[in-house]
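Accompanying notes for the structure given below.
A short reminder: the numbers here are calculations on the coordinates, not readings from a lab. Note that the structure is predicted; figures quoted are calculated from it, not measured. Counting neighbours? That spans all protein chains shown, and the Cβs are built from the backbone with ideal geometry, glycine included.
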Amino acid sequence: MKSTYTGVAVNPGYVKARAYVVSDENTRPFTKGDILVVPYSHPRYSLMLFDAGGLVCETGAVMAHICIIAGEIGLPCLTQVADATRIADGSLIEVDSEKGEVRIVE
């Protein structure tokens, strides 16, 4: 698995927290402050943003619904981050949207 992923910045900022990777297999509860890692933009993830520390979308446009909300509430956000959902759930990651990077710390 690679340690750095790149994407398109939606909203500037930096956050370091645990990744919550959305998948059918993930049964771990979402914890306030987790960085939400989603496979695509979908309105069902929108309410989770209000407790998230940041957002990483594997696919989707800058003007996607979830990205717009992330920008409006000031979350560091990247989209078009190829293979982002391959990040292990619970990994400590950094989102640096100024550089357009997601880095796995541990």
Exercise. From the list Val38, Val15, Val22, Val8, which one is β-branched (Val, Ile, Thr), under 12 Å from the mean Cα position of the chain (by Cα) and closer than 13 Å to Glu94 by Cβ?
Worked result: Val15
For this session: Kindly list the number of the only condition in (1) within 13 Å of Val15 (Cα to Cα); (2) in contact (Cβ under 8 Å) with a residue 40 or more places away in the chain that fails for Ile87.
Result: (1)
Problem set entry | Selection from the stretch 46-105 of residues that are part of a loop (DSSP other than H, G, I, E, B), of a type in the set (A, V, I, L, M) and surrounded by fewer than 17 Cβ atoms within 10 Å (Cβ to Cβ) | Ala61, Val62, Met63, Ile73, Ala82, Ala88, Val105
